[in-house]
Structures are given as structure tokens and as C-alpha cells.
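For reference, the structure discussed in these notes is given below.
Each value in this text was obtained by applying a stated rule to the coordinates, not by laboratory testing. Since the structure is predicted, the reported quantities are computational estimates derived from the model, not experimental observations. Ideal geometry is used to build each Cβ from the backbone, glycine not excepted, and the neighbour counts take in all protein chains shown.
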Amino acid sequence: MDAAEAAYPSFDPRIAEAMRGPRGGLDEGLAAWLGMRLVSVEPGVAVLEVDVRPDLVHQFGATHGGVVAALVDQALGSAVFPLVPRGTWPATLEFKLNYLAAARDGTIRATATVVTLRQRTAVVRVDVDNGGRAVAAALGTISFHAPNG
């Protein structure tokens, strides 16, 4: 057991492996339309990407902030999902997003790291870069509960 696995004994490698599937579970809805990809998922960390496309860039030549926000939101839940008890699902309660620089081309990468995991909530930090250059930083709170709860 490595340090990350020791820090998150609830990590379920079967869920992580399922998330790594052909589209990483991102084959529907907004995530699919944006072309999000799950690059990796490990205990307490998830990495997702989206390519900058002309239809995601606003009239001033930068990727629309909503694209970055959607990527951050997906990353928050992806980092927590393999850690929560089976039968529960993570839901974003809130996140604060600081835009640091414009992303104009290439790939936007979000690295989500669980800061703390409690019985019903988690706090996750997300660092977003574009070709190694920081473009955004976020901190969010995730709640997890049964779908009917």
C-alpha cells in the first residue's frame, strides 16, 4: 500500500478502473459536448482535460470561463467518487474559482486533489493549467449521500 492509498483507505480501485473506461464516464451531457477526458484517477486525485476548440472561445479569443468552471466541477466530483461509500454519489455544494490567465489554445488540464474527507463532505482543491501555465485555481466542497437522500 502506497502513501496515497494509506491516506484514503476507502479508495475503491474498481470504481476508479470503471471511471478510466473508454470515455471515463464522460460520454453524456455537457461533459461529452465539451469533450472532457479523464486522464487519471488515483486515491484522492483526479486529472481531467478538455481541448480548446474554436466554439469554446469567446469573441476576445480566450476560452469561455464557463468551460473552465464545468471542468472544475467535474474534477471535484471525480476526485471524490472513488472514495465515498458504494451507493452514494458526490454532489458539489459550492466552489470558488479564481481565473488567473486566459487559455487560448491547446489543452486545459484540471488536477483535483482532496484536501480533507469527512463522513459526509470533502473539500477539494483544483489547479487548472494550459500547457503548464496556471489559468485557474479553485476550492470546493462536495457532499455525498444516497441518491434518494
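In the chain, the longest principal axis of the Cα atoms and the axis of helix 65-80 are about 20 degrees apart. Counting neighbouring beta carbons within 10 Å and listing from fewest to most, the residues D129, D27 come out as D27, D129. Subtracting the Cα-Cα distance of H64 and D27 from 0.36 nm times their residue separation leaves 11.2 nm of extension gain. For trypsin sites (Lys or Arg not before Pro), the sites in the range 77-149 that DSSP calls loop and that have at most 14 other Cβ atoms within 10 Å are R86, R104, R118, R120. The simple spin-label model puts a point 7 Å past each Cα toward its Cβ; for A101 and D55 those points are separated by 2.8 nm. Taking every alpha-carbon pair under 8 Å whose residues sit at least 6 apart, the chain reaches a relative contact order of 23 percent. If you keep only loop residues by DSSP, which GluC sites (Glu not before Pro) in the range 1-102 have at most 13 other Cβ atoms within 10 Å of their Cβ? Taking the range 1-102 and a limit of 13 other Cβ atoms within 10 Å, the loop GluC sites (Glu not before Pro) found are E28. Summing +1 for each Lys or Arg and -1 for each Asp or Glu among the other residues whose beta-carbon sits under 13 angstrom from that of V123 gives +3. Only one item in (i) 2, 10, 20, 22, 21, 14, 7, 4, 1, 0; (ii) 2, 8, 11, 14, 18, 19, 15, 9, 4, 1, 0; (iii) 2, 7, 12, 11, 7, 4, 4, 4, 4, 4, 5, 6, 8, 8, 7, 4, 2, 0 matches P(r) over Cα pairs in 5 Å bins from 0, in percent derived from the coordinates shown, and that item is (i).
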